[in-house]
Amino acid sequence: MANINDTPAQKAYWSQRYAEARTGWDIGSASTPIKAYVDQLIDPQTRILIPGAGNSYEAEYLFRRGFERVHILDIAREPLAAFQQRVPDFPPDQLIEANFFEHQGAYDLLIEQTFFCSFPPTPANRQRYAEKVHELLAPGGQLVGLWFDFPLRGDLEKRPFGGTREEYLSYLAPHFDVQTFERSYNSIPPRMGNELFGIFRKR
């Protein structure tokens, strides 16, 4: 697959996946661990970014709970258009069609849900992800979400891409204070035992 820096190729790849309905990562609702986290948030003015958001049921859940500063980013237009149809009152200027690694902004919270596992899992790409998240978060901002907890396979086209807690920490710990990063206890049944839930605060 094309390099993450090649925006036209990335856009074409993901648009084709959505056109062909090859979206096996889509569970059709907000994931239980992220819903549980959202349920304890209290500041509706929190600036939130969900990158590689796809159909972004998490964004819909947040928006319906009064969080109006949610921004959805995806490199493909198709899921953003589908989201706008599903949630017509969502602000269109907060639907961002762009390459995450080129995006500019400042956020208090970045929610990770199947984005990290979607791009080629080279050390350089994973390091760049950690650096970009750190760049996009405001001082004291948090990265919160889920990472797949199973070994990487040799096939670099067979998503989702996994990894280990130790590997993920090797990229994230230099940039963030680890609040928690443990096996998720409330994953959906098909993913039980295969997800890590993490909260990381920007240094």
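The values are calculated or read from the model by the stated rules, or taken from the named source; none is laboratory data. On a predicted model such as this, the values are computed, not experimentally measured, just so you know. FYI the Cβ positions are ideal-geometry reconstructions off the backbone, even for glycines, and counts take in every protein chain you see.
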Within segment 168-203, considering residues that are closer than 15 Å to Arg126 by Cα and in contact (Cβ under 8 Å) with a residue 12 or more places away in the chain, the one farthest from the chain's Cα centre (by Cα): Pro174
Lone unmet requirement of (1) modelled with pLDDT under 95; (2) touching a Pro at 6+ places or on another chain (Cβ under 7 Å) for Thr122: (2)
Segment 68-115, residues that are under 20 Å from Leu196 (Cα atoms) and at pLDDT 95 or above: Leu109, Leu110, Ile111, Glu112
Residue pairs meeting the criteria (Cβ under 6 Å; at least 6 apart or on separate chains; first farther than 13 Å from Ile111 by Cβ, in segment 43-68; second buried (at least 17 other Cβ atoms within 10 Å of the Cβ) and among the aromatic types (Phe, Trp, Tyr)): Pro44/Phe67
Residues of segment 148-164 satisfying the condition of being among the hydrophobic types (A, V, I, L, M, F, W, C) and either touching a Pro at 6+ places or on another chain (Cβ under 8 Å) or at pLDDT below 80 (or both): Phe148, Leu152, Leu156, Phe161
Check on Arg165, of a type in the set (Lys, Arg), out of contact with any Gly (no Cβ under 8 Å at 6 or more places or on another chain), free of Cβ contacts under 8 Å to residues at least 40 places away in the same chain and over 25 Å from Leu41 (Cα atoms): yes
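Per-residue answers, yes or no, for (1) more than 23 Å from Gln10 (Cβ to Cβ); (2) surrounded by fewer than 20 Cβ atoms within 10 Å (Cβ to Cβ):
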| residue | (1), (2) |
| --- | --- |
| Pro120 | no, yes |
| Arg128 | no, yes |
| Glu131 | no, yes |
| Gly141 | yes, no |
| Arg153 | no, yes |
| Arg159 | no, no |
| Pro174 | yes, yes |
Test: residue in segment 38-50 that is modelled with pLDDT of 90 or more, surrounded by 16 or more Cβ atoms within 10 Å (Cβ to Cβ) and out of contact with any strand residue (DSSP E or B) (no Cβ under 6 Å at 6 or more places or on another chain): yes
